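Enquirer: I have a structure I would like to understand better, so I am pasting it below and will then ask my questions one at a time.
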Amino acid sequence: NPYLGSIVSANVTATIKPVDRVNVGVSYYREIFSKAHSLAPEKFKAQGVYDATVARTSTQFFFTQYVSARVVAQWTTIDYKLSLSGLLAYRPGPGTIFYIGYQDAAPGRRAVDTSRDRALFVKMSYLCSS
């Protein structure tokens with residue numbers, strides 16, 4: 001059954017550029033949902049429904065003006081999963097781009113099986129003009 005509650009959330013994000021061709025993004029997000037209508041700490045914590053945290057880092061490399069790569073790692077306490085993904089992009093000219101990417105989500109600590117969710121994809125976009 002649906003019910004009303006209160007949410008407290010916090011988000012911290014930083015982008016670091018250690019060298020010209022590298023960007024590193026780091027973010028931390030936390031959200032707490034409670035059935036309590038009061039944000040008084042003793043009531044809020046006592047009626048807590050969930051407390052979720054997501055930590056993420058994304059590093060982007062620019063090899064040339066045409067070729068770039070991105071690697072993302074994300075940890076979440078919702079399902080205790082570490083997700084890793086990578087993307088390689090090639091942009092030979094305006095309106096044309098090729099991507100090849102990979103995503104791997106490790107099973108959570110609560111998972112019964114040892115399977116992994118993996119995906120490999122390719123995408124191409126070409127602008128036709130006359």
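Enquirer: At 1.4 Å probe size, with no ligands or nucleic acids counted, give the accessible surface of ILE78 in Å², nearest ten.
Expert: Result for ILE78: roughly 110 Å² accessible.
Enquirer: Taking the Cβ-Cβ separation of VAL122 and VAL24 as r and a Förster radius of 22 Å, what is the calculated FRET efficiency to the nearest 0.05?
Expert: Efficiency, from the Cβ-Cβ distance: 0.25.
The values are calculated or read from the model by the stated rules, or taken from the named source; none is laboratory data. Not measured: the values here are computed from a predicted model. Neighbour counts are summed over all protein chains in view; Cβ atoms, including those assigned to glycine, are modelled from backbone coordinates with ideal geometry. Surface areas here come from the heavy atoms of the whole protein model, side chains and all, with no ligands, DNA or RNA. Shrake-Rupley method; radii C 1.70, N 1.55, O 1.52, S 1.80 Å.
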